[in-house]
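What follows is one structure encoded as structure tokens, with my remarks underneath.
The values are calculated or read from the model by the stated rules, or taken from the named source; none is laboratory data. Remember, it's a predicted structure, so these values are computed and weren't measured experimentally. FYI the Cβ positions are ideal-geometry reconstructions off the backbone, even for glycines, and counts take in every protein chain you see.
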Amino acid sequence: MSDNGEQAGYLDKGTESLRNTARAIKGETELITEYAPLGPTGPLKPLLEGMNVSAAKPHIRILTAAASALMMGMTITACAEKEPPTTISAREGRDRAVELVFNTTKQLEVTGWWPRNGVAWAQECTPRSRGLEDATSNYSYDRWAPQGTDHIGDAKRVAEYWESLGMTVRTVNPTTHPTVFAEGGPVDRAVFDTHAADQSYSVGATAPCSPGDSVALNKEDQAERDQGKVLPGDEGLVIQEEPSQ
């Protein structure tokens with residue numbers, strides 16, 4: 001770009017704009033020339049010739065309305081494509097948690113798995129004290145087995161299996177006694193501990209929170225067991241008979 005002549009820029013040498021800037025800096029405001037708007041130049045000149053301001057305004061309004069409609073349409077389309085979250089029942093969550101635990105134990109060459117902490121049990125998320133209609137609960141379940149010999153390899157196998165289910169996985173103490181944590185997928189969270197109590201392996205899973213009161217859910221589950229029904233997670237449960245009086 002030239003610093004003077006016809007190709008001079010807005011503040012190039014010798015331009016009126018540069019002179020006015022200097023006058024303003026020196027406080028000689030009375031010498032600043034008045035602003036004179038330039039007419040249309042280049043390709044705009046033939047386009048704008050014959051048009052007045054009042055004629056241009058409707059076109060501006062039309063373009064603005066069209067742009068607004070386009071943005072609204074894009075927003076509606078984006079909302080339509082985003083699927084709403086799916087809420088499963090508490091017992092569907094229980095079944096998924098139990099299934100995940102069983103399928104995880106099958107990834108390992110370890111035997112003797114059993115439900116050390118008992119049956120799948122409902123626990124409260126939103127307490128019933130806030131109203132039974134607003135209460136939410138989730139089930140948790142775990143199985144234990146005698147500790148395996150390949151702690152690191154077993155942790156890797158479980159981590160890879162959970163990742164294949166779309167779960168977010170992280171491993172703690174990966175080179176000694178790994179513990180694998182996971183979130184998402186078919187459950188809310190899961191954990192595999194290669195150094196659980198009494199030299200054991202443990203696999204546990206917790207379902208997402210769902211509508212329902214935990215007290216009522218557990219009572220209903222127990223009523224079904226009392227009638228002889230085996231619920232998911234009851235397999236391998238050790239029943240202790242009460243001593244006769």
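Quick one: in the stretch 186-207, of everything that is within 30 Å of the chain's Cα centre (by Cα) and acidic (Asp, Glu), which residue is nearest to Thr176 (Cα to Cα)?
Among those residues, the one meeting the criterion is Asp193.
Matching residues to (1) hydrophobic (A, V, I, L, M, F, W, C); (2) surrounded by fewer than 20 Cβ atoms within 10 Å (Cβ to Cβ):
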| residue | (1), (2) |
| --- | --- |
| Glu163 | no, yes |
| Thr168 | no, yes |
| Val172 | yes, yes |
| Pro178 | no, no |
| Glu183 | no, yes |
| Val187 | yes, no |
| His195 | no, yes |
| Gln199 | no, yes |
| Ser202 | no, no |
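How many residues are under 18 Å from Val172 (Cβ atoms), over 28 Å from the mean Cα position of the chain (by Cα) and surrounded by fewer than 17 Cβ atoms within 10 Å (Cβ to Cβ) if we restrict to the stretch 122-158?
Total meeting the criteria: 4.
If you check Glu109 against the conditions, is it among the acidic types (Asp, Glu) and under 20 Å from Glu183 (Cβ atoms)?
Details: among the acidic types (Asp, Glu): yes; under 20 Å from Glu183 (Cβ atoms): no.
Taking the combined requirement at face value, the residue does not satisfy it.
Taking the stretch 163-183 as the search range and keeping residues that are assigned to a strand (DSSP E or B) and polar (S, T, N, Q), which one is nearest to Ala120 (Cα to Cα)?
Taking the stretch 163-183 first, the residues assigned to a strand (DSSP E or B) are 168-172, 179-183.
Those left that are additionally polar (S, T, N, Q): 168, 171, 179.
Working: Thr168: 23, Thr171: 25, Thr179: 22 Å.
It comes out as Thr179.
What are the residues in the stretch 139-162 that are touching a strand residue (DSSP E or B) at 6+ places or on another chain (Cβ under 7 Å) and either closer than 30 Å to Gly212 by Cα or not in a helix (DSSP H, G or I) (or both), if any? Don't jump to the end; show me each part of the working.
Narrowing the stretch 139-162 to residues touching a strand residue (DSSP E or B) at 6+ places or on another chain (Cβ under 7 Å): 139-148, 151, 154-155, 158-159, 162.
Selection gives Tyr139, Ser140, Tyr141, Asp142, Arg143, Trp144, Ala145, Pro146, Gln147, Gly148, Trp162.
Criterion first (in the same structural domain as Ser137 (by TED's automatic domain parsing) and not in a helix (DSSP H, G or I)) does Thr111 satisfy it?
Values: in the same structural domain as Ser137 (by TED's automatic domain parsing): yes; not in a helix (DSSP H, G or I): yes.
In short, yes.
Do we find that Ala155 is small (Gly, Ala, Ser), within 17 Å of Ser200 (Cβ to Cβ) and at pLDDT 95 or above in this structure?
yes
What about Val98, is it in contact with a strand residue (DSSP E or B) (Cβ under 8 Å, 6 or more places away or on another chain) and buried (at least 21 other Cβ atoms within 10 Å of the Cβ)?
On the way: in contact with a strand residue (DSSP E or B) (Cβ under 8 Å, 6 or more places away or on another chain): yes; buried (at least 21 other Cβ atoms within 10 Å of the Cβ): yes.
Answer is yes for this residue.
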